[in-house]
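Before any comments, here is the structure.
The values are calculated or read from the model by the stated rules, or taken from the named source; none is laboratory data. It should be emphasised that the depicted structure is a prediction, and the values quoted were computed from it without experimental measurement. Note that each Cβ is placed from the backbone with ideal geometry, even for glycine, and that neighbours are counted across all protein chains shown. Side chains included, ligands, DNA and RNA excluded: accessible areas come from the protein's heavy atoms. Shrake-Rupley method; radii C 1.70, N 1.55, O 1.52, S 1.80 Å.
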Amino acid sequence: DYWTDGECKQTLGNGICDADLNKKEYAFDNGDCCGATCEGGSCGLGSLDIAFNHSLDPSGDGFPSCKNTDMVPITIRIEKVTTFPNSVDYDESASPLLSVTCNSILYLMVPIDAYMDKKNETIYLPDGADCIFNIRNSTYDPNIWTTVYRFHEVAYEIYDGEEEDDDFLKIAYGNSNHVGKVLFQIIPKCFKNNIFKGELVKDFPKESMYNSSTSIKKALDWLLEDKYMLSSNEEYDCSEFMVERFILKVIEINHGIYGKNWTQSGISQCEWDIVECNGGYIANMEFQEDDITGELPPLLGKFTNLIKLSLSRNGLTGKLTGNLPSELGQLTALTYLNLYDNKLEGSIPSELGQLTA
């Protein structure tokens with residue numbers, strides 16, 4: 001079926017996704033079927049006949065046949081489309097235009113109408129991609145710099161994953177008349193698998209992954225921008241040491257003194273002033289003379305390879321206070337603990353008495 005009148009009708013790598021060639025053995029039509037790998041000039045153009053469970057006329061732009069398992073799903077939900085038929089600037093013939101661009105590549109562009117209420121559309125994007133979600137909700141007169149016609153109002157939600165996934169996380173939500181453009185970065189799979197799984201889930205709930213008000217999201221953003229985390233091929237290097245780097249950043253955000261940043265981007269955490277490493281793991285940690293404030297962070301108990309922990313003289317300004325956290329009992333390799341000159345209260349946790357190193 002590839003030939004018609006002696007002419008090849010399906011070609012690898014021509015920018016058009018051919019269903020028969022969209023298989024792993026053909027490298028998914030040599031990349032034509034996914035936005036991140038398609039290189040032809042017509043990539044994705046007019047390829048979308050159905051979006052949000054609704055037929056499109058004319059067709060939209062996108063990659064509905066993307067099967068590359070290196071891509072990750074993002075789901076967009078149209079919660080409600082509201083029209084303004086009585087408004088003087090309402091244009092009945094026009095529809096809001098929804099688009100998603102990631103790493104400067106257009107992955108989706110479709111007109112939105114009321115038939116799409118309560119409907120989802122899942123698209124596949126590169127892991128860790130920087131994306132712009134946009135709904136153009138009006139036209140503009142460039143001569144007077146003002147709105148000419150308003151179309152509809154679209155309430156939307158953006159999710160990481162597919163609806164049936166356990167890790168179906170809300171990235172953002174809004175209303176096109178108020179927030180028509182959203183900038184977001186997809187949290188890489190290796191970050192999720194190393195930080196938000198297993199024993200760490202209690203301290204780092206997955207719901208905090210896209211919550212910009214939390215120290216967890218702020219630390220994630222710092223990691224995502226940290227050039228040290230990028231390997232030579234510009235992919236995130238999620239080694240086992242990455243978790244220690246992340247936890248130290250969370251501690252600094254929650255307990256650090258303003259203006260005294262002891263985490264540094266661009267270099268290994270083993271080169272930071274406050275730590276020394278053994279075999280890549282943090283073995284010695286010294287917070288001294290107002291490096292840290294507030295109550296002792298229970299997250300210190302996550303550094304299970306720690307041999308020496310010094311927290312002396314952080315009480316000079318009376319800021320290091322509270323009880324000793326029982327989590328320090330998890331430091332099974334600890335041989336030295338210095339808490340001199342602080343304003344600590346309460347009894348020594350029994351867990352510390354069980355340390356045998």
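Any of 217/260; 24/118; 119/206; 118/249; 206/343; 67/197 with alpha carbons more than 32 Å apart? Name them for me.
Beyond 32 Å between Cα atoms: 24/118; 118/249; 206/343.
What full-extension length gain, to one decimal in nm, is calculated for residue 228 and residue 193 as 0.36 nm per residue of separation minus the Cα-Cα distance?
Separation in residues times 0.36 nm, less the Cα-Cα distance, equals 10.7 nm.
Report the charge-dipole magnitude of the chain in Debye, nearest 20, computed about the Cα centre from +1 at each Lys and Arg Cβ and -1 at each Asp and Glu Cβ.
For the chain, the charge dipole is close to 1140 debye.
Scan around residue 119 for amide H atoms under 5 Å from its own, H built in the peptide plane at 1.01 Å from N, and keep only partners 5 or more places away or cross-chain.
Distant-sequence amide H within range of residue 119: 78.
Roll a 1.4 Å probe over the protein chains and send me the accessible area per residue for the chain in Å².
52
Taking H placed 1.01 Å from N in the peptide plane, check which residues at least 5 places from residue 237 or on another chain put their amide H under 5 Å from its amide H.
230, 231
I need the P(r) histogram for the stretch 165-274: all alpha carbon pairs, bin width 5 Å from 0 out to the longest distance, whole percents.
2, 10, 21, 23, 18, 14, 7, 4, 1, 0
Run the numbers for residue 239 and residue 80: contour at 0.36 nm per residue of separation, minus the present Cα-Cα distance, in nm.
Value of the extension gain: 53.0 nm.
222 nm [θ] for the chain, helices only, -39500 (n - 2.57) per DSSP H run of 4+, per residue, to 500?
Helix-only estimate at 222 nm: -3000 deg cm²/dmol.
Search the structure for amide H atoms under 5 Å from the amide H of residue 306, placed 1.01 Å from N in the peptide plane, and list their residues when 5 or more places away or on another chain.
For residue 306, whose amide H was placed from the backbone, the distant partners under 5 Å are 333.
Sorting 159, 115, 124 by accessible area (1.4 Å probe), largest first, what list results?
Greatest to least solvent exposure: 115, 124, 159.
Can you list the HN-Hα couplings for the stretch 118-126, worked out from phi with the Karplus curve (6.51, -1.76, 1.60; θ = phi - 60°), rounded to whole Hz and with x for Gly and Pro?
In residue order, the calculated couplings are 6, 10, 10, 9, 9, 10, 10, 10, x Hz.
Dividing the Cα radius of gyration by the Kirkwood radius, what Rg/Rh value follows for the chain?
Here Rg/Rh amounts to 1.10.
Calculate the spin-label point distance for residue 12 paired with residue 284, positioning each point 7 Å from the Cα along the beta-carbon direction, and give it in nanometres.
In this crude spin-label approximation the distance works out to 5.7 nm.
When the accessible area of the chain is computed with all protein chains present and a 1.4 Å probe, what percentage of it is carbon and sulfur?
Reported share for carbon and sulfur atoms: 46 percent.
What does the extension gain come out to for residue 162 and residue 103, with contour length at 0.36 nm per residue minus their alpha carbon separation?
Using 0.36 nm per residue and subtracting the Cα-Cα distance, I get 19.1 nm.
Please list 201, 100 in order of solvent-accessible area, largest first, computed with a 1.4 Å probe with all protein chains present.
Most to least solvent-accessible, the answer reads 201, 100.
Using only protein heavy atoms and a 1.4 Å probe, report how much of residue 326 is accessible, in Å² to the nearest 10.
Surface open to solvent at residue 326 totals about 50 Å².
Relative to the longest principal Cα axis of the chain, at what angle does helix 215-225 sit, 0 to 90 degrees, rounded to 10?
It is inclined by approximately 70 degrees.
Calculate one ³J(HN,Hα) per residue across the stretch 154-165 by plugging θ = phi - 60° into the Karplus curve 6.51 cos²θ - 1.76 cosθ + 1.60, and present them in order as whole Hz with x for glycine and proline.
These are the phi-based 3J(HN,Hα) values: 10, 8, 9, 9, 10, 10, 8, x, 10, 4, 7, 6 Hz.
In whole Hz and in residue order, list the ³J(HN,Hα) couplings for the stretch 265-274 that follow from phi through the Karplus curve 6.51 cos²θ - 1.76 cosθ + 1.60, θ = phi - 60°; x for Gly and Pro.
7, x, 9, 5, 4, 5, 9, 6, 5, 8
If you take the charge dipole of the chain about its Cα centre, with +1 on Lys and Arg Cβ and -1 on Asp and Glu Cβ, which of 193, 63, 347 is farthest toward its positive end?
After comparing all options, I get 347.
With each pseudo-label sitting 7 Å past Cα toward Cβ, what's the residue 217-residue 323 distance in nm, one decimal?
3.1
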